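The values are calculated or read from the model by the stated rules, or taken from the named source; none is laboratory data. Please read all numbers here as calculations on a predicted model, not as lab measurements. Here the Cβ positions follow ideal geometry from the backbone for every residue, glycine too, while neighbour counts run over all protein chains shown.
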Amino acid sequence: MKLVRFKTNNQEAQYGWIHQEKVGLIQGDPFGEFQRLDATILLTDLELLLPCQPSKIIAVGRNYPEHAAEMNAVLPTYPLLFLKPPSALITNGEPIQLPGQSNQVEHEAELAVVVAKESKNLDKDNVKDAIFGYTVANDITARDLQAIDGQWTRAKGFDSFCPLGPWIDTQFDPSDAMISCHVNQALRQMGSTKDMTFKPDQLLIFISSIMTLYPGDVILTGTPPGVGPLTEGDLVTVHIDGLGSLVNPVRKSE
């Protein structure tokens, strides 16, 4: 099932489910008890919002060996974690803003996991139940600031540095899906989720041993090789086969 969060006619945000380019309302809590109504609203008539509202965004560095190699970095022996603030989130179609502090902002196409329920100390027997679904993400990074600072909060945390969406797919299979990134229709990145060092299940087990996860929390699972610079006027498309596309223009910060 594909779920979207949207609004119409300046109404409050609502959740819906997609069926053949139409959307049906969801009554109740999509992370708990809910009922699906008939799909009668055209998807094109809706203003799509962020597909979830996470309390935190946990990201994983160097989770694809070829990306670690292009960064001249060693492979981590356990998941290399960092946080992005929820204020970095934008949805499909919203602009990535280039901050004046950086001269080297880059794209990082990623698969994102959405957490289903409050979870702590997950194990291999219950981790599947903690995954609500998957969506598309772009871990925008100020590469020059990342090198200067040593730690990554500033480089990863600017407003608009976490495009996410446009929906959550609760039945997506993450075992071998192609991830690509095009900038102005030129292919920059391509790789398969099968090349991850740490798979989504392993990541949730590890992360939940450190911090409690809550419904709607987002885990960014790392990027394949081919990261590169963005400039004003670019159009960035992250696509994951079987999941969808996330498209964002690039603008200078005002």
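Yes or no: the range 191-200 includes at least one residue that is among the aliphatic types (A, V, I, L, M) and in contact with a strand residue (DSSP E or B) (Cβ under 6 Å, 6 or more places away or on another chain).
No - not one qualifying residue is present in the range 191-200.
Looking at this structure, is residue 24 over 19 Å from the mean Cα position of the chain (by Cα), under 19 Å from residue 165 (Cβ atoms) and at pLDDT 95 or above?
yes
Among the listed residues 131, 96, which satisfies the condition of being farther than 30 Å from residue 253 by Cα, within 16 Å of the chain's Cα centre (by Cα) and of a type in the set (A, V, I, L, M)?
The unique qualifying residue is 131.
Can you tell me which residue among 236, 227 is outside any loop (DSSP other than H, G, I, E, B) and more than 22 Å from residue 129 (Cβ to Cβ)?
Within the list 236, 227, the selection yields 236.
Looking at the range 35-43, is at least one residue assigned to a loop (DSSP other than H, G, I, E, B) and among the small types (Gly, Ala, Ser)?
So far as the range 35-43 goes, no, none of its residues is assigned to a loop (DSSP other than H, G, I, E, B) and among the small types (Gly, Ala, Ser).
Taking the conditions exactly as written (closer than 16 Å to residue 112 by Cα and either among the hydrophobic types (A, V, I, L, M, F, W, C) or touching a Lys or Arg at 6+ places or on another chain (Cβ under 6 Å) (or both)), does residue 205 satisfy them or not?
yes
Out of 94, 66, which single residue is in the same structural domain as residue 235 (by TED's automatic domain parsing), in a helix (DSSP H, G or I) and more than 16 Å from residue 157 (Cα to Cα)?
It is 66.
Conditions: (1) surrounded by fewer than 22 Cβ atoms within 10 Å (Cβ to Cβ); (2) acidic (Asp, Glu); (3) closer than 23 Å to residue 218 by Cα. Residue 70 meets all but one. Number of the miss?
The number of the failed condition is (3).
Is it the case that the range 55-63 has a residue that's among the aliphatic types (A, V, I, L, M), outside any loop (DSSP other than H, G, I, E, B), surrounded by fewer than 15 Cβ atoms within 10 Å (Cβ to Cβ) and at pLDDT 95 or above?
no
Considering only the range 6-47, how many residues are within 20 Å of residue 217 (Cβ to Cβ) and crowded, with 16+ Cβ neighbours inside 10 Å?
So the count comes out to 4.
Consider only pairs whose beta carbons are under 7 Å apart and that are at least six residues apart or on different chains; among these, list those whose first residue lies in the range 12-30 and is outside the structural domain of residue 117 (by TED's automatic domain parsing) and whose second residue is outside any strand (DSSP E or B).
13/49; 15/30; 17/1; 18/43; 21/43; 22/43; 23/43; 23/46
Report yes if some residue within the range 127-142 is without any contact (Cβ under 8 Å) to a residue 24 or more places away in the chain and either touching a Phe, Trp or Tyr at 6+ places or on another chain (Cβ under 6 Å) or not in a strand (DSSP E or B) (or both); otherwise report no.
yes
Might you let me know whether the range 210-224 holds any residue that is touching a Ser or Thr at 6+ places or on another chain (Cβ under 7 Å) and assigned to a strand (DSSP E or B)?
yes
Please give the number of the condition residue 232 fails out of (1) under 24 Å from residue 158 (Cα atoms); (2) free of Cβ contacts under 8 Å to residues at least 12 places away in the same chain.
For residue 232, the failing item is (2).
Could you pull out the residue among 190, 178 that is among the hydrophobic types (A, V, I, L, M, F, W, C), free of Cβ contacts under 8 Å to residues at least 60 places away in the same chain and in the same structural domain as residue 98 (by TED's automatic domain parsing)?
Unique residue meeting the criteria: 190.
Which residue, of 164, 204, is assigned to a helix (DSSP H, G or I) and crowded, with 20+ Cβ neighbours inside 10 Å?
Of 164, 204, the one residue that is assigned to a helix (DSSP H, G or I) and crowded, with 20+ Cβ neighbours inside 10 Å is 204.
Give the residue that is modelled with the lowest pLDDT, with candidates limited to residues of the range 167-189 that are of a type outside the set (A, V, I, L, M, F, W, C) and loosely packed, with under 15 Cβ neighbours inside 10 Å.
185
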